[in-house]
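Heads up: the structure comes next, in structure tokens.
The values are calculated or read from the model by the stated rules, or taken from the named source; none is laboratory data. In this text the structure is predicted, and so the values were computed from the model without any measurement. Cβ sites come from the backbone with ideal geometry, for glycine too, and all protein chains shown count toward neighbours. Surface accessibility is based on the protein's heavy atoms, side chains included, excluding ligands, DNA and RNA. Shrake-Rupley method; radii C 1.70, N 1.55, O 1.52, S 1.80 Å.
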Amino acid sequence: MADEPVTELLAASRGGDRGALERAFAAVYGELHRLAHRQRAKSRPGDTLSTTVLVHEAFLKLSQGAPVAVQDRQHFFALAARAMRQILVDAARARVADKRGGGATPVELLDGDLRTDAIAVDVVALDRALGRLESVDSHLARLVEGRFFAGLTDAELALALGRNERTVRRDWQRARAFLLRELQGSGA
């Protein structure tokens, strides 16, 4: 679907049209479902959080509470990525709490679609590492959320973050190196 209709719906939502966010969500539902499916593919078989539930929970998280001024399509996907991250982390924490420390959920850090130097990590450990990255460089943390949780391309991230693609690729290398150090240091 073209950017204009979604961007127009998001502008209407900012203007007070309560149904516009729902219509924007419906317009990008397929894309969000694919992103959630990729996230689910990285998790442990037998997890009870389905792809559809993840997408719907992300929408609920975005639409409830204080209204969020979503600027454009990329901003919407960045917010959806953050919501999915929070949902996955909460589910993993609940699972770990239920099992008293056992059963950490493995996911993979991927370099785009290339699975070179992929490392299995616990989603809770990844969240902690992202929190540490956030305290050091919030821009790099947003980049990781967009790439890892929303599956945004370098071009989409460059547009969303106001950077050029070359800078995004360089920043991704820095962020990935930071996360790998943090995760290896935590034993994840």
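Some notes on this structure:
- Stretchable slack from His139 to Ala26, in nm (0.36 nm times residue separation minus alpha-carbon distance): 37.8 nm
- Rounded to the nearest 10 Å², the accessible area of His75 at probe 1.4 Å: 60 Å²
- Taking the C-alpha atoms of segment 128-188, convex hull volume expressed per residue in Å³: 69 Å³
- Environment charge of Arg132, counting only residues whose C-beta is closer than 11 Å and scoring Lys/Arg +1, Asp/Glu -1: -2
- The modelled label-to-label distance between Arg174 and Arg18, using points 7 Å beyond Cα along the C-beta direction, is 4.4 nm.
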